[in-house]
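Visitor: The following block contains the structure, expressed as structure tokens.
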Amino acid sequence: MGYSRQIVYEATGEYRMEVDLDNNRALEDLHHYYGTTKRGYCDLVAFHADDADVAQAVRTSELKPGQCAGQDHNHGQANETPA
């Protein structure tokens, strides 16, 4: 299929981590953390190997203090532009 990475978000939208899809131990840990406990679920964003730069840009953005690209900063409200 060509997917190489995934970014993991908590069900609440907070960034959790990035995982290389060839890292079986990390994938097993994720499965255990979300699949065998009462933690709920997570959201995954998978990136094709050709989009490694996009995955890195998203990760970098998520790790910046005060940044949270995975969340709706307007809490569902439309952006208002002054007239």
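The numbers here are math on the coordinates, done by the rules we state, and not lab data. Note that the structure is predicted; figures quoted are calculated from it, not measured. Heads up, the Cβs are rebuilt from the backbone with ideal geometry, glycines too, and the neighbour counts pull from every protein chain shown.
Visitor: Fewest first, what order do S61, S4 take by the number of other Cβ atoms within 10 Å?
Guide: S61, S4
Visitor: Using the beta-carbon distance between H32 and T60 and R0 = 30 Å, what value does 1/(1 + (r/R0)^6) give for FRET efficiency, to the nearest 0.05?
Guide: That gives a FRET efficiency of 0.60.
Visitor: What net charge is computed for the residues neighbouring Y9, neighbours being all others with C-beta under 12 Å from the C-beta of Y9, Lys and Arg scored +1, Asp and Glu -1?
Guide: -3
Visitor: Shifting gears a bit: Could you give the dipole magnitude of the stretch 3-63 about its Cα centre, charging the beta-carbon of Lys and Arg +1 and that of Asp and Glu -1, in debye to the nearest 20?
Guide: Dipole of the stretch 3-63, to the nearest 20 debye: 300 debye.
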